Amino acid sequence: MAIVNLKNRDVEMTAHSIIPQGRRGRGSWICQGGNMAGWSLYVMDNKPVYYYNWVGHDRYSIESPLSLPAGPVALR
């Protein structure tokens, strides 16, 4: 298995998707790691969320205050 090494680096990513009209977006867009460490970018209740788990000790979550609009979106 090959995984991009993102440890101790500044990272900038852009995820592209299309949110269907009249539907709420949800689900994982990208993730790396597991229950003891890792990060993920997902959509919950139509809002993007970034989650970071540091070796099961500290957990951080950042959620957008804005909902995603219908149509093409780019999360960066």
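A 1.4 Å probe run over the chain, with the rest of the protein chains in place, finds 81 Å² accessible per residue.
For the chain, the relative contact order comes to 32 percent (Cα pairs under 8 Å, sequence separation of at least 6). The HN-Hα couplings worked out from phi for segment 47-60 by the Karplus form 6.51 cos²θ - 1.76 cosθ + 1.60 (θ = phi - 60°) are 10, x, 9, 10, 10, 10, 10, 9, 6, x, 9, 10, 10, 10 Hz, whole numbers, x standing for Gly and Pro. In this calculation the C-beta distance from residue 7 to residue 70 is compared with R0 = 30 Å, giving a FRET efficiency of 0.25. Counting protein heavy atoms only, the chain has 54 percent of its accessible area on carbon and sulfur, 1.4 angstrom probe.
Looking at segment 16-62, the trypsin sites (Lys or Arg not before Pro) that sit in a DSSP loop and have at most 14 other Cβ atoms within 10 Å of their own Cβ are 23, 24, 26.
Here the Karplus curve 6.51 cos²θ - 1.76 cosθ + 1.60, taken at θ = phi - 60°, turns the phi angles of segment 9-20 into couplings of 9, 6, 10, 10, 10, 10, 10, 9, 7, 10, 8, x Hz, with x standing for Gly and Pro.
The values are calculated or read from the model by the stated rules, or taken from the named source; none is laboratory data. All values derive from a computational prediction rather than experimental measurement. Cβ: placed from backbone, ideal geometry, glycine included. Neighbour counts: every protein chain shown. Surface areas here come from the heavy atoms of the whole protein model, side chains and all, with no ligands, DNA or RNA. Shrake-Rupley method; radii C 1.70, N 1.55, O 1.52, S 1.80 Å.
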